[in-house]
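Some notes on the structure that comes next.
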Amino acid sequence: MMLTDTAIRTAKPTAKSYKLYDHDRLFLLVHRNGAKYWRVRYRRDGKETVLSLGTYPAISLREAREKASHIHTELVKGLDPATERRKKAEADAGLPTFKVVAEKWLAVKKAKLSPSYVGKMEITIHANLYPRLGDKPLVEITATLVLECLRAMEMRGAVALARRCKTYCAAIFNYAAALDLVAVGYNPAKGLTGDVLGHHTVKHYPHLTEQELSEFLCALAEYRGRPETALAVRLLLLTFVRPGELRAARWSEFDFDESLWRIPAEKMKMRRPHVVPLSVQAIAALKELQVYTRYSPYLFPGGRGRIPYMSENTVNKAIALLGYKGRIVGHGFRATASTILNESREFHPDVIERQLAHKDRDEIRAIYDRAEHLEQRTRLMQWWADKLDTLTTRNVVALRKKA
């Protein structure tokens, strides 16, 4: 019985790896970790050989069948497919491949962007671009090949991912041109604009209105989960930093005497050090947290796994348990703070933007503002913390009146 796309897509891993057979001695190896590998068997001169054809879904069922058919055509012609593959690899060895150049490009990005941000780029490129383009010499990659790679992402509904990968492709080819590895202007990804790819509506992080924030704070006060998690949510609200910056925070970054949190450049999205003035309420929350986690260098030590601090899902799960699933996530507190602070008209927009650690296109102005705005940002952070207290008290009083 021949394979179908549905059978392949729904094939689940088991305790042991197993094979799903098609025709032309093509089969799919379903690994116990869930990965799916295309393989084809052939016999020549009494010796059986198994060749790898790539992974699913990077290589579709149709493409795997075409590759298997090509291998059997070579056998009919008296050629050894394994030998032919080796000859092609040797012929291409002197030409820079997409993967080789992409790795160099990523190394440059590591010096400019935060490790977590570049890490996400690496995962995206490894999973979505390398399977189809990685081993191909740059000069052999056409717009059609890039488009086929992007279409595979679109077919599974990942339109935004496809557009992001197109941007990465274009940047990698521009980098190759700068190194004289391809001709200037040779960029098969650059022309894939307009209606070539599907449309994707950008979704901004949802935020809470003042009334909704007041209700959320009341719900947070009744949270019955781990106190460290509740404190993580509260500190996100009080500091409105990016969730990753809080999760990876170390006690050594905090100066309780000066009431400052100094976040090193390597932890920031823009690779620029950031200072967070700490309100009286934030200091109180940190001292409460010390009761639970002072034993660790991290504010929120993690359990098992490669990351030694809190998982990125912990805060969002706590928010969902409070009844706000789909209404707000940890990152959304930044938009909430920005909206309420700007609407208050208590502070200049530049001060708010600086505290949010948004990128300033004018680097000279950025250096000046970091020093000039610190006093105003200190006042802003205390005003914001007091505002949260007011919203909490207001909702408690309203609930008591209703009762």
>> Placing +1 on the Cβ of each Lys and Arg and -1 on the Cβ of each Asp and Glu in the chain, which of Phe240, Ile125, Leu53 has its Cα farthest towards the positive end of the resulting dipole?
In response: Leu53
> In what order, largest first, do Tyr292, Tyr56 sit by accessible area if the probe radius is 1.4 Å?
Replying inline: Tyr292, Tyr56
> In segment 107-263, with Lys and Arg counted as +1 and Asp and Glu as -1 at Cβ, which of these residues, Ala221, Leu208, Leu113, has the Cα nearest the positive end of the dipole, that is, farthest along it?
Replying inline: Leu113
> Which value, in debye to the nearest 20, describes the size of the charge dipole of the chain about its Cα centre when Lys and Arg Cβ atoms bear +1, Asp and Glu Cβ atoms bear -1, and nothing else is charged?
Replying inline: 1400
> Which whole-number percent is the relative contact order of the chain (Cα, under 8 Å, 6+ apart)?
Replying inline: 12
> Beyond 14 Å, what percent of the Cα pairs of segment 225-274 remain?
Replying inline: 56
> Looking at segment 50-181 from every direction and averaging, what is the projected area of its Cα convex hull in nm²?
Replying inline: 9.2
> Cα-Cα over 31 Å: which of Lys104/Lys269; Lys47/Lys136; Lys12/Lys267?
Replying inline: Lys12/Lys267
> Quick one: what does P(r) look like for segment 1-79 with 5 Å bins over all Cα pairs, in whole %?
Replying inline: 3, 15, 27, 24, 15, 9, 5, 1, 0
> Ranked highest first by the average count of other Cβ atoms within 10 Å around their residues, in what order do 60-66, 75-81, 339-345, 128-134 fall?
Replying inline: 128-134, 60-66, 339-345, 75-81
> So what is the relative contact order of segment 216-312, in percent, for Cα pairs below 8 Å that sit 6 or more residues apart?
Replying inline: 27
> Highest mean first, what order results for 241-249, 172-180 on Cβ atoms within 10 Å?
Replying inline: 241-249, 172-180
> With all protein chains present and a 1.4 Å probe, how do Ser252, Ser116 order by accessible area, largest first?
Replying inline: Ser252, Ser116
> Considering only the other residues whose Cβ falls under 11 Å of the Cβ of Leu260, what net charge follows from Lys and Arg at +1 and Asp and Glu at -1?
Replying inline: -2
> What residue among Tyr37, Leu26, Ala15 has its Cα farthest toward the positive end of the dipole of segment 1-87, where the charges are +1 on Lys, Arg and -1 on Asp, Glu, each on the Cβ?
Replying inline: Ala15
>> Based on the alpha-carbon set only, what is the convex hull volume of the chain divided per residue, in Å³?
In response: 210
> For the chain, modelled as a Gaussian network with Cα springs under 10 Å, which listed residue fluctuates most, Lys12, Lys109, Lys36?
Replying inline: Lys12
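The values are calculated or read from the model by the stated rules, or taken from the named source; none is laboratory data. These numbers come from a predicted model, not from an experiment. When we count neighbours, we look across all protein chains shown, and the Cβ atoms used for this are built from the backbone with ideal geometry, even at glycine. For accessibility, only protein heavy atoms count, side chains too; no ligands or nucleic acids. Shrake-Rupley method; radii C 1.70, N 1.55, O 1.52, S 1.80 Å.
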